[in-house]
Amino acid sequence: MSETVEFAEGVTLADVRRVAELANLELTAEEEPRMQRDLNAILGHVAQLNELDTTGVEPMAQVGQMLALPKDEVGRALRLDEVRPSVNRAAVMASAPESDGRFFKVPKVIER
C-alpha cells in the first residue's frame, strides 16, 4: 500500500526558515526565495512521481538482488539475528584518547 502526501500550499518562506534552522543553516535574504523555489520544484516532481502507476513494477534494489542470490536462498545466506555479548566497556574506554570512564569525550563541533 503506497501513501500519498498532498502539498496543497507549497513551501512558504516561513517553512524555508524553519527547515534552515533545523538544519543549522544560515541563509541570506537572497537565498531564502531561491530555496523556496527549489523546494517547491522538488515537491512538484515528487507529486508527479506519485501520479505514476507502479503496479507490477518490482523494486529496484533488494538485499537478495545485491547478493546475487536466487529468490529461494535469500533468507538462508544471511546470518541469524541473535543476541551476543557486547564488547567490554572498560577495555574500550581504556583505549580511548579521552573518556570519563563511561562515555567518549570528543571536541564540540556544533555551535548554536
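Taking segment 39-66 as the range and being small (G, A, S), part of a helix (DSSP H, G or I) and at pLDDT 75 or above as the test, the residues that pass are A41, G44, A47.
The condition of being surrounded by 11 or more Cβ atoms within 10 Å (Cβ to Cβ) and either at pLDDT 90 or above or acidic (D, E) (or both) does not hold for L69. Quick check on segment 5-21: of everything there that is loosely packed, with under 11 Cβ neighbours inside 10 Å and at pLDDT below 95, which residue is farthest from L52 (Cα to Cα)? Checking each candidate, the answer is E9.
The values are calculated or read from the model by the stated rules, or taken from the named source; none is laboratory data. Only a predicted model underlies this, so the values are computations on that prediction, with no experimental measurement involved. FYI the Cβ positions are ideal-geometry reconstructions off the backbone, even for glycines, and counts take in every protein chain you see.
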